[in-house]
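A short write-up of the structure that comes next.
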Amino acid sequence: MTLVQSLRQLLSGNKILICFIVSVVITSCGTRQSGIQKTEVVPITPKKKNTTAAQEDSLTRKPTAIDIEVPVQPRTKTEGGKVYNIAVILPFNLDQIALNVYADDTTKVLSTDTRNAEAFYTGCMMAREKFVSENLKTNVYFVDDKNDSATILSLFKQKPFPNVDYIIGPIYFKNLPLAASYAKKNQVPLISPFANSMYIKDNPFYFNAYPSLKTEYPFMIEKIKSKFPDKALEVIYDAEDSSESIITLKNVAEKYYNRSNIIYTSLQSTNDIAQKMYKQDTVSERVIFIYSSKDAYVKPVLSKLRSIKNELNIFLSSVPKTAKGLTDSRYPHTVYSYSPYNTENFNYKVFAQKFEERCKKKPDEFVNQGYDLMLHLFNMLDKQQSLKENSSYMSMDGDNIQSRFMFKPVLNKGGGVDYFDNSFLYLYKYGNGIFSLVTP
């Protein structure tokens, strides 16, 4: 399938259109030598059924610097149906990369930001290869924000903006408030893949793919209450940790617990935690939540709780789930965590094998999230639904590999929508050195 309808001859010098939108195209990431080149963005249309081998797919060709004479489609109905424009904002930092020097097996030349951008981009491309539709017409534009506020503000004044229907990104928090503000002003839905904020207000066009604390804590408290309905909840937190707001947790917990049935204890990791948490009753089962997202706090607290005689059921936030060496396999207490990611399903195993054959490395969360988000958006548009609709999310995300997306509004005190959160989370239980999915 030829995606670009009209290409002029290659231009030279400063006539090459690379100054306002930059995409990275890495050919065959499993080969030993791959070229990174600056090129005008190539519109991407999901494959249709019955594509013959004779039809050329421009994505499989080696990229060259070209002048593409394909205008950004206006946000209006066109003959044959609507054409959706999607902008994906990633920190490629292409101006820092010398052409034709990147080899996949020696990625030292690439910064962490660029590697993450390339991984997310690869996931998006594999979603495009997976998706099949008879009707959907979509242009996807990958733009380089360099994780820089001045750059992203400049991008918003250039092609393909403002004629975009959806924005994915940025992948870091630095540019997130600026992007969310732009989305609200222009009434364009924006999905943040990783960075999330519970402090964005009055913005029904902002969507967290990774849930904020205002969604994570109700999920966690509800799970605790359902598993241990008659037990008091003991919360350990560090009052000197400015990154944690105990008020947020208190507001959530009080919807499930009476004040007399929840105990807050402020402790630093250097304290004698076992002594301070000691009770004369060493037989009763207890439920503890360690309120922190920092490994440097969670690990020593877990270690110091080890000597307590009671049977402890310890709950953690989603972040420590990914920590290495959280505790040893012979830890005497039960530890739970939660996450929006599930890599134990069959789809993930098939995808991971395909990715390793193609790229000679294991997929990371940037690859996985790029794949799932792009596939979700394609399926949603194909079914003519909006991000706010969840009526068919199970079938819509049937091919996803780690995440499902069920966006629900986070309301303010006046009943208005501050933003939308992905409310789909999984509970995990720690054992034998790893976290395993707890089946419902």
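The values are calculated or read from the model by the stated rules, or taken from the named source; none is laboratory data. Keep in mind that what you see is a predicted model, and the values were worked out from it rather than measured. Counting neighbours? That spans all protein chains shown, and the Cβs are built from the backbone with ideal geometry, glycine included. The area values use the complete protein model at the heavy-atom level, side chains included, leaving out ligands, DNA and RNA. Shrake-Rupley method; radii C 1.70, N 1.55, O 1.52, S 1.80 Å.
Computed quantities for the displayed model
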{"item": "Matching residues in region 226-256 - criterion: being crowded, with 18+ Cβ neighbours inside 10 Å and within 27 Å of residue 438 (Cα to Cα)", "result": "233, 234, 235, 236, 237, 244, 249, 252, 253"}
{"item": "Condition met for residue 388 (open to solvent by 10 Å² or more (accessible area, probe 1.4 Å), touching a residue at least 24 places away in the same chain (Cβ under 8 Å) and closer than 24 Å to residue 418 by Cα)", "result": "yes"}
{"item": "Given (1) hydroxyl-bearing (Ser, Thr, Tyr); (2) in contact (Cβ under 8 Å) with a residue 60 or more places away in the chain; (3) open to solvent by 60 Å² or more (accessible area, probe 1.4 Å), number of the condition residue 341 does not satisfy", "result": "(3)"}
{"item": "Matching residues in region 165-182 - criterion: being open to solvent by less than 10 Å² (accessible area, probe 1.4 Å) and within 14 Å of residue 85 (Cβ to Cβ)", "result": "167, 168"}
{"item": "Residues that are over 27 Å from residue 87 (Cα atoms) and open to solvent by less than 40 Å² (accessible area, probe 1.4 Å), drawn from region 346-375", "result": "none"}
{"item": "Residues of region 136-156 that turn out to be assigned to a helix (DSSP H, G or I) and open to solvent by less than 10 Å² (accessible area, probe 1.4 Å), as a count", "result": "1"}
{"item": "Residue 213 open to solvent by 30 Å² or more (accessible area, probe 1.4 Å), aliphatic (A, V, I, L, M) and within 22 Å of residue 294 (Cβ to Cβ)", "result": "yes"}
{"item": "Count of residues meeting criterion [over 22 Å from the mean Cα position of the chain (by Cα) and in contact (Cβ under 8 Å) with a residue 24 or more places away in the chain] in region 204-244", "result": "18"}
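Table: residues versus (1) part of a strand (DSSP E or B); (2) crowded, with 20+ Cβ neighbours inside 10 Å; (3) in contact (Cβ under 8 Å) with a residue 24 or more places away in the chain.
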| site | (1), (2), (3) |
| --- | --- |
| 120 | no, yes, yes |
| 123 | no, yes, yes |
| 134 | no, no, yes |
| 158 | no, no, yes |
| 163 | no, no, yes |
| 199 | no, no, no |
| 202 | no, no, yes |
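Residue-wise test of (1) in contact with a Gly (Cβ under 9 Å, 6 or more places away or on another chain); (2) over 28 Å from residue 118 (Cα atoms); (3) in a loop (DSSP other than H, G, I, E, B).
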| position | (1), (2), (3) |
| --- | --- |
| 367 | yes, no, no |
| 370 | yes, no, no |
| 377 | no, no, no |
| 387 | no, no, yes |
| 398 | no, no, yes |
| 410 | no, yes, no |
| 440 | no, yes, yes |
